[in-house]
Each structure stands twice: as C-alpha cells, then as structure tokens.
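The structure appears right after this line, and notes come after that.
Read-outs throughout are calculated quantities, based only on the coordinates presented, and are distinct from any laboratory measurement. Bear in mind that the values here come from a model prediction, so they are computed numbers and not experimental data. Note that we place each Cβ from the backbone using ideal geometry, even for glycine, and neighbour counts take in every protein chain shown.
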Amino acid sequence: MPSVSVIIASYNHAQYIAQSIESVVRQTFQDFELIVIDDGSTDNSVEVIQALQKKHKFQFIVQDNMGLAKTLNKAVSLASGEFIAPFGSDDIMMLDRLEKQASYMKLSPQLGISGGNILCIDGQSQLHKVQKIYPARVLGFDDIYMNREKGVPAPTLMFRKKVLLEAEGFNPDIRLEDLYIEFKIASMGYQIGMLNDVLAYYRIHDTNTYKNLELMLDAVLATYDCFSDHPQYEQMRQRTLHSYLLMAAKSDKQLARKILSMIPLSAYCGKTFRGIFKLLVGR
C-alpha cells in the first residue's frame with residue numbers, strides 16, 4: 001500500500017496537464033500512486049494524458065463531466081494511500097513536496113491536513129514578481145474561520161485519508177471545495193499543519209475559478225452558512241460581503257450593487273462607504 005495517493009481531476013487543461021503529471025512522477029519520494037480522472041474535457045487533454053500514461057503507468061479514468069468535487073470523491077474512493085494529495089491539472093509540484101509532507105504528517109498524528117507555501121506563475125510558467133512566504137504554523141478552526149491566519153493553498157493540500165472520509169469528503173454543493181473541507185476537518189478538532197517550505201507552483205490564468213468574483217462570493221458565503229452555529233458567523237458573513245464589495249466595485253459594478261443590497265444598514269461601516277464611493281466615481 002502506498003503512503004500517498006496523488007489525485008488529479010483533469011478538465012480542459014491540455015496545455016498544462018503534462019507539466020502537472022511530470023512534476024508528480026519525478027518526485028524524490030516514490031512511495032505514492034497517481035490517479036488521474038478526466039472529467040469530460042472538450043480539448044485534447046485525454047490524448048495528452050494517454051500518452052503520459054503509457055510512459056508512466058498511472059491509473060487513468062475518462063468520464064462524462066461530473067464536476068470537481070464529485071470527481072475528487074471518486075478518486076478518493078479508488079485511493080489506497082494513507083494520505084491524499086489532490087492536485088490541480090494546471091499546477092506544478094516541487095520535486096520534494098511529497099517527501100516533506102508525508103514525513104511531516106507521519107510525525108504529527110494530530111494533523112488532519114497539511115500544506116505549505118506556493119509560488120504563483122502565469123500561463124507561460126513565468127514567476128510573478130511579488131511573492132509572500134508564510135512561516136510554519138499550526139492552525140485550528142477559529143484561526144481559519146475568523147480569517148486570522150491564511151489557510152492552506154489548494155495546490156499544497158494533503159489529507160489524512162481516514163480523516164477525509166470521516167468528514168464525508170468534498171461537498172459537491174459548494175464550488176470552493178477546498179475552503180469547505182478545511183473548515184469541516186478543523187471543526188472536527190483536527191489541526192492543520194503548515195510548513196514554511198514552498199511546495200508547489202500555482203498557475204494563474206484566465207480560467208481560474210478565483211477570477212469569477214460572484215462564484216467565489218457565493219461559495220464562501222455557502223461555506224460559512226454550513227457553520228452558522230459559530231458565535232462569529234454574522235460578523236464573518238458581513239466581513240466577507242464588505243471584502244467582495246470593495247473588489248467588485250473596481251471591476252463588476254452590477255455585482256457590487258447586488259452585494260450592497262445584501263448588507264443591512266446596521267452593518268454599514270467605513271468599508272461600506274468606500275465601496276459606495278468607488279461605485280459612484282468609477283475607480
């Protein structure tokens with residue numbers, strides 16, 4: 001039985017998927033299995049992956065589109081590793097990533113999740129000029145719920161499989177599946193351990209989910225709604241609305257007006273008026 005199961009849900013990333021898979025198979029740590037599921041790609045992803053499969057002999061499944069969360073859950077059900085590392089079909093692992101994380105989690109049984117730092121690259125694999133590296137730390141539920149600490153960057157997520165199954169896997173009703181599962185596992189009392197190492201390159205391009213502000217807002221609010229029994233729920237809901245109001249006021253006036261209508265007068269603050277000002281003056 002392998003220590004780690006790396007699972008990749010592929011969808012329309014034909015130009016990036018080879019780099020992603022090659023970064024996995026070239027790991028310094030070789031006690032892992034790789035499971036790739038193509039979720040109904042309409043480009044030539046399947047052909048690219050099939051050529052790589054012949055060379056590297058990983059498990060590859062082609063299916064009709066089910067969505068990311070359901071595809072990840074299917075991959076988890078097929079995985080035999082003690083740890084699960086979901087990985088984006090457009091991202092790149094550092095070559096010692098699995099070695100560092102598997103060792104860390106084996107030595108830290110209290111952890112349900114581990115992660116680390118990322119470096120952002122563009123569609124041509126060029127590094128962004130400004131990068132922030134966060135220190136090693138251990139997080140609890142309130143740390144991430146209250147946004148006191150930055151959570152786990154998705155390309156560095158590694159789960160203890162038994163904990164992921166205990167949490168019932170990824171939620172297909174929420175598009176931002178990584179935030180929800182971090183909340184869920186931390187709310188169950190497990191800790192999240194963060195290494196200070198850079199573990200992956202995160203690729204930023206036109207189809208990134210985070211660039212769709214409305215989708216992101218809906219997913220973040222839906223995630224908080226799942227944990228509405230927290231005493232700071234309403235505070236975090238309003239903080240989220242205000243953060244997205246300021247972002248939308250720059251680039252999506254219609255969304256900004258929608259968000260403004262969701263903020264009660266009793267919750268108006270300096271950020272509210274800054275958002276209104278940006279809406280009025282157009283900057």
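What to note about this one:
- Neighbour counting of Cβ atoms within 10 Å sorts the residues M158, M216, fewest neighbours leading, into M216, M158.
- Cα-derived Rg over Rh, computed across region 56-175 with Rh taken as Kirkwood radius: 0.96
- A simple rule links phi to the HN-Hα coupling: the Karplus curve 6.51 cos²θ - 1.76 cosθ + 1.60 with θ = phi - 60°, which for region 76-90 gives 4, 5, 8, 7, 10, x, 5, 10, 10, 10, x, 9, x, 6, 10 Hz, with x for Gly and Pro.
- Taking amide H positions as modeled 1.01 Å from N, with prolines and chain starts lacking one, the residues under 5 Å from M158 and 5 or more places away or on another chain are S114.
- Karplus-derived HN-Hα couplings along region 163-168 (A = 6.51, B = -1.76, C = 1.60, θ = phi - 60°), whole Hz, x at Gly and Pro: 6, 4, 5, 4, 7, 6
- Acute angle (nearest 10 degrees) that the helix 45-56 long axis makes with the longest principal axis of the chain, alpha-carbon atoms: 40 degrees
- Sequence-distant residues sharing a close amide H with D197 (under 5 Å, placed H): N117
- Karplus 3J(HN,Hα) series, Hz, for region 178-185 with 6.51 cos²θ - 1.76 cosθ + 1.60 (x for Gly, Pro): 6, 5, 4, 5, 5, 4, 4, 5
- The count of lysine pairs in region 117-218 that are at least 8 places apart or cross chains, and whose C-alpha atoms lie under 22 Å apart, stands at 8.
- Considering only beta bridges that DSSP places wholly inside region 4-203, some 25 percent are antiparallel.
- Taking region 144-268 and dividing mean pair separation by its residue count, relative contact order in percent (alpha carbons under 8 Å, at least six apart): 20 percent
- Remark: relative contact order (region 4-203) = 27 percent; criterion is Cα-Cα distance under 8 angstrom and separation of 6 or more residues.
- Placed amide H near R203: partners under 5 Å, 5+ positions off or other chain: I92, I121
- Across the chain, counting alpha-carbon atoms alone, Rg and Dmax equal 19.5, 61 Å.
- Region 115-170: trypsin sites (Lys or Arg not before Pro) falling in loop per DSSP and having at most 15 other Cβ within 10 Å: K129, K132, R148, K150
- Out of every Cα-Cα pair that region 209-281 contains, those further apart than 17 angstrom amount to 41 percent.
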